[in-house]
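K.L.:
One structure, as structure tokens, below. Some questions next.
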Amino acid sequence: MTAPVLDVRDLKVTFSTREGLVTAVDGVSFSVDAGEVMGLVGESGSGKSVTGLAVLGLIDPPGRIAAGSITVKGRELVGLPEKALQKVRGKDVAMIFQDPMTTLNPVLRIDTQMIEAIRAHEAVSEKAARERARDALAKVGIPSPDERLSAYPNQFSGGMRQRVAIATALLNRPAVLVADEPTTALDVTIQAQILAEVQKLCAETGTALVWITHDLSVIAGLADKVAVMYAGRVVEEGMVADVLERPIHPYTAGLIGSVPSRNKRGRPLAQIPGMTPQLSKLPPGCPFAPRCFNATEPCHGIRPERTPYPGGRAARCHNPLNVPAADAARELAP
Amino acid sequence: MLVYLIRRIGQSLLVIAVMAFLVFLAVYAVGDPVAILANPEANQAELDAIAARLGLDRPIWEQFGIFVWNALQGDLGTSFVYSESALKVIIERLPATMELAFVALLLSILIGVPLGVIAGLKPDSLVGRSIMSTSILGFSLPNFWIGLMLILLFAVELRWLPASGRGETVEVLGVHLSMFTWNGLSHLLLPAITLALYKSSLVIRIAQAGTREVMLQDYVRFARAKGLSSRRIVFVHVLKNMLIPVVTVLGLELGSMIAFAVVTETVFSYPGMGKLLIDSINRLDRPIVVAYLMLTVFIFVIINLVVDLLYAAIDPRVRLSEAKG
Ligand SMILES: Nc1ncnc2c1ncn2[C@@H]1O[C@H](COP(=O)(O)OP(=O)(O)OP(=O)(O)O)[C@@H](O)[C@H]1O
Ligand code: SF4
Ligand SMILES: [Mg+2]
């Protein structure tokens with residue numbers, strides 16, 4: 001087995017706020033291989049973006065990586081000085097963000113913003129960089145890329161801007177791309193197109209893709225594996241098909257219940273009752289306990305540990321819903 | 001862009017026309033210049049003769065008509081005191097004031113933008129806080145007091161710089177300028193610093209707020225995610241966005257700089273338009289006052305126009321949306 005391109009171990013990110021120290025990401029671990037797609041799912045505030053930013057070394061004060069390790073192609077990133085991180089960002093790990101309307105600098109032309117991304121990492125001529133930028137734009141389906149290079153961001157639609165951002169992020173063929181809900185702000189049809197394109201581009205270059213979303217249905221068609229986050233922790237992980245079909249954690253089951261799908265049309269969307277907890281006021285036991293239909297006495301007092309299950313799965317729950325049988329898992333295993 | 005330009009020029013002309021009317025009305029209501037100009041023992045017939053010579057015996061609307069007609073031909077009246085074209089008298093002093101305002105503007109940019117950016121990048125650091133507290137001082141100290149203190153320190157105590165007047169000038173493109181001679185520059189420095197101190201504080205605050213805001217924008221985060229150096233992020237991504245509010249405010253402030261120069265010029269006995277205005281108000285030299293106000297309005301309008309064009313040049317969003325509209 002080859003070593004994973006991205007390996008995150010026991011990552012802990014804290015923010016010092018007025019209410020005290022908030023642990024936004026608490027002991028998160030996952031790994032992604034070259035060409036693999038991992039979905040990072042969870043409700044708002046569960047720590048998905050903070051995890052993604054941590055991978056790029058973009059946690060700013062008052063936040064900091066308090067513990068854990070992040071390796072990309074075997075190289076440790078936690079603790080690297082800013083200068084060294086700048087060499088990694090955009091070269092080994094790239095990131096695209098949620099809102100395409102604000103992700104490009106409004107006063108700089110597209111060519112400026114793309115060429116600088118190449119020349120920050122490689123000593124190539126302006127002309128060569130420009131050609132690469134043009135090819136990248138053509139690849140993400142932007143018509144007449146030569147002309148569009150000298151346009152400003154506000155001359156593009158939201159979908160087109162996100163394509164430009166994707167093209168820019170992939171200019172240096174990064175080993176890892178973190179996509180933080182890049183389609184959430186877009187039309188459904190454009191979402192699907194962009195999803196397919198990113199998937200195709202990453203497969204071509206063998207880029208490991210971490211796709212952050214709060215929408216499990218997006219993950220279903222896109223990802224190989226999935227990590228479900230709740231209150232800063234990964235509460236369930238496994239291959240997408242397994243997790244979606246037979247969720248172990250009640251929270252995952254709740255998320256699946258809230259996915260609109262064809263056979264449930266007309267029925268109201270199942271919502272997980274209650275609110276996402278405040279990180280500074282987490283209950284002592286399972287953070288999901290106040291909202292969980294399956295909660296029992298121990299849930300309120302004892303924090304569930306990460307428990308591995310057959311088939312490369314794991315979950316944090318005292319009362320797992322579907323416990324995969326060991327032999328069934330053996331059949332699935334390659 | 002052309003449509004935008006034409007529309008902006010149209011608006012500017014309208015502003016000038018309205019201001020002409022207001023200025024004329026306001027000044028007409030002040031004092032009786034005949035009484036000041038005439039010999040104290042003059043009889044009524046002599047007073048009438050002076051009034052007739054100056055055109056002051058005609059009804060006000062007729063005077064305004066004549067004023068507008070002459071103004072359109074570039075004649076804003078003849079100074080009662082200098083017996084010369086009012087505009088000419090003012091324009092002779094214009095380069096001195098413009099030079100003062102320009103040097104002060106330059107100083108406030110050179111001081112304000114770098115300090116503001118530094119304070120904006122590290123708002124919680126000791127340096128950042130010190131810059132911001134010092135800028136409050138620059139805001140609250142009165143202009144004339146700063147001028148007097150500078151004179152005391154640099155002219156009286158240290159004797160490094162002259163306390164008053166304008167230095168040697170050289171002719172550049174037919175205009176007498178003093179900022180290209182040592183002597184001229186040494187005369188210009190103190191009044192320019194006086195005038196610039198308040199403005200640099202303003203620039204520091206705008207630049208600091210702008211930098212802080214821009215640093216939080218998604219596009220800065222994306223720029224960082226691309227692996228750009230901090231220097232490139234600050235000098236290319238942040239500076240250009242941050243300069244938009246700075247240019248806007250400074251443009252408007254250039255006008256007020258010329259107006260503020262009235263006080264500074266008086267303190268430093270600097271022979272510019274501002275000092276001329278004060279002298280003319282004391283002598284009720286109405287045409288000079290009217291011409292001064294008209295010229296100031298004109299300058300304000302031109303500055304606004306230039307700022308808008310500059311703005312469009314920095315910010316493509318203005319350019320493009322205006323072209324469509
Ligand atoms: N700059 C910050 N200062 C203080 N706390 C922060 C900061 N950034 C994030 N947090 C904390 O981290 C938590 C997780 O935030 P994060 O942005 O990762 O959520 P998310 O899962 O991406 O949610 P969303 O779906 O809304 O994007 C927040 O609820 C907040 O408490
Ligand atoms: S540990 Fe208990 S409360 Fe938490 S998810 Fe499992 S059943 Fe629900
Ligand atoms: Mg987020």
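K.L.:
How many percent of the alpha carbon pairs in the stretch B:232-293 exceed a separation of 14 Å? If you can, show how the numbers build up before the last one.
P.N.:
Values: 1262 of 1891 pairs.
Cα-Cα pairs in the stretch B:232-293 separated by more than 14 Å: 67 percent.
K.L.:
Among DSSP bridges having both ends in the protein assembly as shown, what percentage is antiparallel? Round to the nearest 5. Intermediate values should be presented prior to the final figure.
P.N.:
On the way: 35 of 54 bridges.
Antiparallel: roughly 65 percent of the beta bridges in the protein assembly as shown.
K.L.:
So what are the stretch B:31-74's ellipsoid semi-axes, whole angstrom, largest first, if each one is the square root of 5 times an eigenvalue of the alpha-carbon gyration tensor?
P.N.:
25, 10, 8
K.L.:
What relative contact order, as a whole-number percentage, does the stretch A:104-173 give when Cα pairs under 8 Å and 6 or more residues apart are counted?
P.N.:
45 percent
K.L.:
What does the net charge come to around B:Arg232 if you take all other residues with beta carbon closer than 12 Å to its beta carbon, with K and R at +1 and D and E at -1?
P.N.:
Charge balance in the 12 Å sphere: +4.
K.L.:
What are the equivalent ellipsoid semi-axes of the stretch A:134-287, built from the alpha-carbon gyration tensor (square roots of five times its eigenvalues), in whole angstrom, biggest first?
P.N.:
34, 17, 16
K.L.:
What lysines does A:Lys83 reach when the alpha-carbon gap must be under 16 Å and sequence neighbours fewer than 8 apart in one chain are set aside?
P.N.:
Result set, ordered by chain and number: A:Lys91, B:Lys226.
K.L.:
Can you list which of the GluC sites (Glu not before Pro) found in the stretch A:139-206 are DSSP loop residues with at most 14 other C-beta atoms within 10 Å?
P.N.:
none
K.L.:
Also, quick follow-up: Once you keep just the Cα pairs under 8 angstrom separated by 6 or more residues, what percentage relative contact order results for chain A?
P.N.:
20 percent
K.L.:
Quick test of the membrane-span-like rule: which DSSP H helices of chain A reach at least 18 Å along their long axis (C-alpha atoms) with mean Kyte hydropathy at least -1.0?
P.N.:
A:188-205
K.L.:
Can you pull the percent of the protein assembly as shown's accessible area that's carbon plus sulfur, 1.4 Å probe, other chains left in place?
P.N.:
62 percent
K.L.:
Please report, in cubic angstrom per residue, the volume enclosed by the convex hull of the alpha-carbon atoms of the stretch A:138-214.
P.N.:
Each residue corresponds to 91 Å³ of Cα convex hull volume.
K.L.:
Where is the GNM fluctuation largest for chain A (alpha-carbon springs, 10 angstrom cutoff): A:Pro182, A:Pro61, A:Pro324?
P.N.:
It is A:Pro61.
K.L.:
Any of A:Lys73/A:Lys139; A:Lys48/A:Lys73; A:Lys48/A:Lys139; A:Lys225/A:Lys281; A:Lys48/A:Lys225; A:Lys127/B:Lys240 with alpha carbons more than 20 Å apart? Name them for me. Don't jump to the answer; show the numbers that get you there.
P.N.:
Working: A:Lys73/A:Lys139 26 Å; A:Lys48/A:Lys73 22 Å; A:Lys48/A:Lys139 28 Å; A:Lys225/A:Lys281 31 Å; A:Lys48/A:Lys225 15 Å; A:Lys127/B:Lys240 24 Å.
As for pairs spanning more than 20 Å Cα to Cα, those are A:Lys73/A:Lys139; A:Lys48/A:Lys73; A:Lys48/A:Lys139; A:Lys225/A:Lys281; A:Lys127/B:Lys240.
K.L.:
Once the Cα atoms of helix B:86-121 and of chain B are each reduced to a long axis, what angle between those two axes, in degrees from 0 to 90 to the nearest 10, is obtained?
P.N.:
Long axis of B:86-121 versus the principal axis of chain B: about 20 degrees.
K.L.:
Taking a cut-off of 23 Å between Cα atoms, list the lysines near B:Lys275, but don't count ones fewer than 8 places away on the same chain.
P.N.:
B:Lys88, B:Lys199
K.L.:
Then there is this: Per residue, how big is the convex hull of the protein assembly as shown when only Cα atoms are used? Give it in Å³.
P.N.:
Considering the Cα atoms of the protein assembly as shown, their hull volume per residue is 230 Å³.
K.L.:
May I ask you to give the solvent-accessible area per residue for chain B, in square angstrom, as obtained with a 1.4 angstrom probe?
P.N.:
With the other protein chains kept in place, chain B gives 51 Å² per residue.
K.L.:
What average count of beta carbons from other chains do you get within 10 Å of the Cβ of residues in B:210-219?
P.N.:
Mean shielding count: 3.
K.L.:
Hey, another quick one. Order B:Arg286, B:Arg212, most accessible first, counting only protein heavy atoms with a 1.4 angstrom probe.
P.N.:
From most exposed to least exposed: B:Arg212, B:Arg286.
K.L.:
Please report the projected area of chain B's Cα convex hull averaged over all directions, in nm².
P.N.:
Averaging across all directions leaves 21.9 nm² for the Cα convex hull.
K.L.:
As an exercise, find the ratio Rg/Rh for the stretch A:1-103 from alpha-carbon atoms, using the Kirkwood inverse-distance average for Rh.
P.N.:
0.96
K.L.:
Local charge sum around A:Glu197 (other residues, Cβ-Cβ under 9 Å, Lys/Arg +1, Asp/Glu -1)?
P.N.:
Local net charge: +3.
K.L.:
Hey, what does the equivalent ellipsoid look like for the stretch A:104-173, semi-axes from the Cα gyration tensor as sqrt of 5 times each eigenvalue, largest first, whole Å?
P.N.:
18, 12, 11
K.L.:
Give the whole-number value, in cubic angstrom per residue, of the convex hull volume spanned by the C-alpha atoms of chain A.
P.N.:
Spelled out: Cα convex hull of chain A, divided by residues, is 151 Å³.
K.L.:
To the nearest 20 debye, what charge dipole does the protein assembly as shown have about its Cα centre, counting +1 at the Cβ of each Lys and Arg and -1 at the Cβ of each Asp and Glu?
P.N.:
1760 debye
The values are calculated or read from the model by the stated rules, or taken from the named source; none is laboratory data. Bear in mind that the values here come from a model prediction, so they are computed numbers and not experimental data. Quick reminder, even Gly has a Cβ in these numbers, built from the backbone with ideal geometry, and neighbours come from all protein chains shown. Heavy atoms of the whole protein, side chains included, go into the accessibility calculation; ligands, DNA and RNA do not. Shrake-Rupley method; radii C 1.70, N 1.55, O 1.52, S 1.80 Å.
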